[in-house]
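Read the structure below first, then the notes.
The values are calculated or read from the model by the stated rules, or taken from the named source; none is laboratory data. Values in this document were obtained by computation on a predicted structure and should not be read as measured data. So basically every Cβ, Gly included, is an ideal-geometry build from the backbone, and we count neighbours across all protein chains shown. Heads up: the accessible areas ignore ligands, DNA and RNA and are worked out on the full protein's heavy atoms, side chains in. Shrake-Rupley method; radii C 1.70, N 1.55, O 1.52, S 1.80 Å.
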Amino acid sequence: MDIAENIKNIKTEISSKVTLVAISKTKPNEDVMAAYETGHRIFGENKVQEMVEKWENLPKDIQWHMVGHVQRNKVKYMVTFVDLIHAVDSLKLLKEIEKQAKKSDRRIQCLLQIKIAEEDTKYGINVDEAEEILQSEAFQKMSHVKIVGLMGMATLTDNEEKIRKEFSFLKDTFDELQKKQPSFTTLSMGMSGDYKIAIECGSNMIRVGSSIFGERNYN
Ligand SMILES: *Cc1c(COP(=O)(O)O)cnc(C)c1O
């Protein structure tokens with residue numbers, strides 16, 4: 001796997017308006033550095049513990065994104081440095097981020113994860129639940145979190161039409177919510193297998209792992 005080559009190729013392929021988050025989960029620090037040396041600075045992890053370890057051992061100008069499901073008791077370990085939390089799916093989690101971010105005197109950028117896949121995935125909320133959070137008094141009083149957009153994952157399928165439908169639904173939802181939320185700037189959708197479709201459907205942030213770093217080995 002030529003990591004530097006892969007990341008350069010993806011960047012020439014996508015518009016400069018689309019942010020590439022390199023998903024380095026399960027991959028060693030050397031692999032992150034191979035991407036870093038091309039000038040890339042935005043990396044994502046799906047486990048808090050692993051992200052903390054990488055943050056401790058790698059250059060401090062890396063912007064770390066948490067793209068996985070977050071347990072509330074883990075928030076405190078990342079609030080001092082995390083750049084964007086992609087998968088906020090409850091007001092309870094948001095309250096914990098607010099509480100911990102306040103201690104660090106930071107304002108943390110978050111995305112709400114909307115469930116768009118048909119398959120019965122565990123995570124993500126529906127549009128009504130997202131609106132409920134955004135309109136809640138509890139959220140509106142928060143000064144240490146900022147919801148900057150939405151994140152979603154399409155069904156794992158070869159059916160391109162289905163993927164396109166799900167991404168288009170998320171883009172429509174994003175546009176609708178943005179009318180009332182001027183802070184909405186970011187639509188995180190698209191992974192190795194479907195980022196080209198996601199961009200065609202209006203994504204401006206893609207999360208790409210295996211197309212950069214190779215297949216993951218879970219042992
Ligand atoms: C692992 C992961 C990705 C990257 O997946 P690839 O298919 O390897 O590109 C993107 N988003 C989330 C939330 C992930 O957990």
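Observations on the structure shown:
- Placing dummy labels 7 Å off each Cα toward the beta-carbon, the span from SER90 to SER16 is 4.3 nm.
- Candidate aspartates and glutamates for bridging to LYS122, where Cα separation is under 14 Å - those fewer than 8 sequence places away on the same chain excluded: ASP89
- Charge tally for ARG216 (other residues, Cβ to Cβ under 10 Å; Lys, Arg +1; Asp, Glu -1): +1.
- Dividing the helix sum by the residues of the chain, where each DSSP H run of 4 or more adds -39500 (n - 2.57), gives a mean residue ellipticity at 222 nm of -11000 deg cm²/dmol.
- Pairs from the list LYS74/LYS103; LYS27/LYS60; LYS25/LYS99; LYS74/LYS102; LYS95/LYS179; LYS17/LYS76 with a Cα-Cα gap above 20 Å: LYS25/LYS99; LYS95/LYS179; LYS17/LYS76.
- Taking the convex hull of Cα positions in the chain, its mean projected area over all directions (nm²): 11.9 nm²
- Placing +1 on each Lys and Arg Cβ and -1 on each Asp and Glu Cβ, with no other charges, gives region 93-203 a dipole about its Cα centre of roughly 780 debye.
- Model label points for ARG72 and SER183, set 7 angstrom from Cα along the Cα-to-Cβ axis, are 2.0 nm apart.
- Probe 1.4 Å, all protein chains present, accessible-area order of TRP55, TRP64, largest first: TRP55, TRP64
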